[in-house]
1. Enumerate the pairs (first residue in the range B:177-189 and within 20 Å of B:Gly211 (Cα to Cα); second residue anywhere and β-branched (Val, Ile, Thr)) with beta-carbon separation below 7 Å, excluding pairs fewer than 6 apart on the same chain, so at least 6 apart or on different chains.
2. Determine if the range B:186-203 includes at least one residue that is more than 8 Å from chain A (Cβ to nearest Cβ) and modelled with pLDDT under 90.
3. Being away from every other protein chain (no Cβ under 14 Å) and farther than 29 Å from B:His307 by Cα narrows it down to one residue among B:Gly232, B:Gly180, B:Gly227; which is it?
4. Quick check, is B:Glu93 surrounded by 14 or more Cβ atoms within 10 Å (Cβ to Cβ), outside the structural domain of B:Asn138 (by TED's automatic domain parsing) and part of a helix (DSSP H, G or I)?
5. Pairs needed: first member in the range A:137-163, outside any helix (DSSP H, G or I); second member anywhere, at pLDDT 75 or above and surrounded by 10 or more Cβ atoms within 10 Å (Cβ to Cβ); C-beta distance under 9 Å; at least 6 residues apart or different chains.
6. Which of the residues spanning the range B:148-190 are of a type outside the set (D, E, K, R) and touching a Phe, Trp or Tyr at 6+ places or on another chain (Cβ under 6 Å)?
7. Hey, could you check the range B:51-69 for residues that are surrounded by fewer than 16 Cβ atoms within 10 Å (Cβ to Cβ) and either touching a residue at least 12 places away in the same chain (Cβ under 8 Å) or of a type outside the set (Phe, Trp, Tyr) (or both) and say which is nearest to the other protein chains (Cβ to nearest Cβ)?
8. Show the residue pairs meeting these rules: Cβ distance below 7 Å; 6+ apart or different chains; first residue within the range B:237-263 and within 11 Å of another protein chain (Cβ to nearest Cβ) and part of a helix (DSSP H, G or I); second residue modelled with pLDDT under 90 and surrounded by fewer than 15 Cβ atoms within 10 Å (Cβ to Cβ).
Amino acid sequence: METLINDFSPGLFVVQTILLLGLIFLLVKFAWKPILTSLNEREEGIQGALEAADKARKEMQNLQADNDKLLKEARAEREAMLKEAREIKEKMIADSKEQAQIEGDKLLKQAQAAIESEKKAAVADIKNQVAALSVEIAEKVLKEQLSNKDKQLKLVEDMLGDVKLN
Amino acid sequence: MKEVSRSFRTFLLLFTLCFSIQGFASSDPEGEVEGAVSSKEEVDAYIQHHIKDSHDFHLFSYTNSEGERKHVGFPLPVIIWSSNGLVTFMSSEFHHDDAGHVIVEKGGAKFTKIHSKIYELEAGASEVKFDETHHATNAHKVLDFSITKSVMGILLVGLFMLWAFSSLAKQYKSKKVPTGFGRVLEPLVIYVRDEIAKPNIGEKKYRQFTGYLLTVFFFIWILNLLGLTPFGFNVTGQLAVTAALAIFTLVIYTFSGNKDYWMHMLWMPGVPVLIRPVLAIIELAGAFLIKPFSLLVRLFANISAGHIVVMSLIAIMFTLKDSLGVAGATGLSLVLSFFITLIEVLVAFLQAYIFTMLSALFIGMAVAEHDHDHEHDSLGHDVPDAEDVRENFI
């Protein structure tokens, strides 16, 4: 202990105190202050940049999601449109088929009706002609047969006889 | 142009250095012939001498062919406050004498050097008289402000730090990330800030103390490392130096202590009134004696011990020469001192770290905010937050 106290040099203590004080002062002024300030600034800058990058990434993700949504929607729309088109096509086909059927039926009916009426007309005509012919024939026959009185009387008698029989 | 002036300056410096070494070596014809250090006692004395401060910068000694002992190194200025005022001369005037044989007469007073301390002889005395315990009876110590080897080390390290860190600071003006040597220094600065200052002082107040902590950390670390070089600086192993460092810390935490700090020291809340004065005495002793004393002794003892151990292991070369042979003793000494030196490199960092860490801790205790209206949970217990945990820890 005594040697320790003996070794203690007050002069060195004073010199060290002054030098250290100067060193602290100079270093704080010319080194530590600018260094720490720059370090803080840089760290804040890095922090800011990281946050910005994070934000950008999130935005990107949002955009991506939006894009995906849009794409999905577009796909769904296309799908729907295709489906609709198909339906329309089918409907059109069906409709036209039906229309054709109806038209055909109508035509057929008209044709049938025309045929019928033609037939009727033809039949009526034939009937008239037949009737006219028959009347003519009958006239000729009658003319022939009733050319004499006897035959006329006989006929009346026959007819009367038929009536009685009935 | 800048390059030219720089190399010219370097040349001038080297020239001056060589010249002064030469001059110093040759100016010592009647120097005390101590001979080579070989015996155990001589080794002991040499180590004791080494860990003390020295008034000249001594590199090595050799004995020339005429049997003269030559010392290579250069002298340093001696600046002392004697009874006749300030006296200055070069340390070469003592001619390497360290036992009070050479008397230097300057400024009307006679001076001599005994065990690295400069004594002023009392008026009328022409040589030093010693009592049986080898204490000078007719001389007294003087206040010695000399540029000793330690002061030179401090100056060199100070200049180095100023250069290194101000150039690092300058780099930030032009770029965000420093290059070259600054890239080595920057992580160290960040380390001290993030691992020492911030956790011990707290996020809010660390900034104003970081300058001191950084200075002290690098100062101690570089000086510790310098002590491991063959130049043999032993600055952080000087009590005066570590005492000055410890007192800086003491002054800082005493003057930055807040109301709570003094309150807890002088009139501890939450304990019976009768115990409070006793606690105050203990707290005061702790703050003003034990804390700085532990700081100064820890650093001094660790570094001195390191120097003594390394030198003792090197001395195995001579002391065990007889029992192990030259090769054996040299090999053993080399291996052991190599590993101890490696450990010393670690210790150099560790002691700088511990000193700075404890300084930060003491400052942190003095500036810690104790908020007394804590949040309470349903049972009335304090809800600890991070700041409380830190306070409890320190």
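The values are calculated or read from the model by the stated rules, or taken from the named source; none is laboratory data. Since this is a predicted model, take the numbers as computed values, not measurements. A quick note on method: Cβ atoms are made from the backbone with ideal geometry, for glycine too, and the neighbour counts reach across all protein chains shown.
1. What qualifies is B:Val189/A:Ile35.
2. Yes, the range B:186-203 has at least one match.
3. Criteria check complete, one pass: B:Gly180.
4. Considered against the rule, which asks whether it is surrounded by 14 or more Cβ atoms within 10 Å (Cβ to Cβ), outside the structural domain of B:Asn138 (by TED's automatic domain parsing) and part of a helix (DSSP H, G or I), B:Glu93 comes out as no.
5. If the second residue must be at pLDDT 75 or above and surrounded by 10 or more Cβ atoms within 10 Å (Cβ to Cβ), the pairs left are A:Leu146/A:Gln152; A:Leu146/A:Leu155.
6. Quick first cut of the range B:148-190, residues of a type outside the set (D, E, K, R) only: B:148, B:150-169, B:171-172, B:174, B:177-182, B:184-185, B:187-190.
Correct list: B:Gly153, B:Met161, B:Ser166.
7. B:Leu59
8. Once the first residue is within 11 Å of another protein chain (Cβ to nearest Cβ) and part of a helix (DSSP H, G or I) and sits in the range B:237-263, its partners that are modelled with pLDDT under 90 and surrounded by fewer than 15 Cβ atoms within 10 Å (Cβ to Cβ) give B:Leu239/A:Leu4; B:Leu239/A:Phe8; B:Ala240/A:Phe8.
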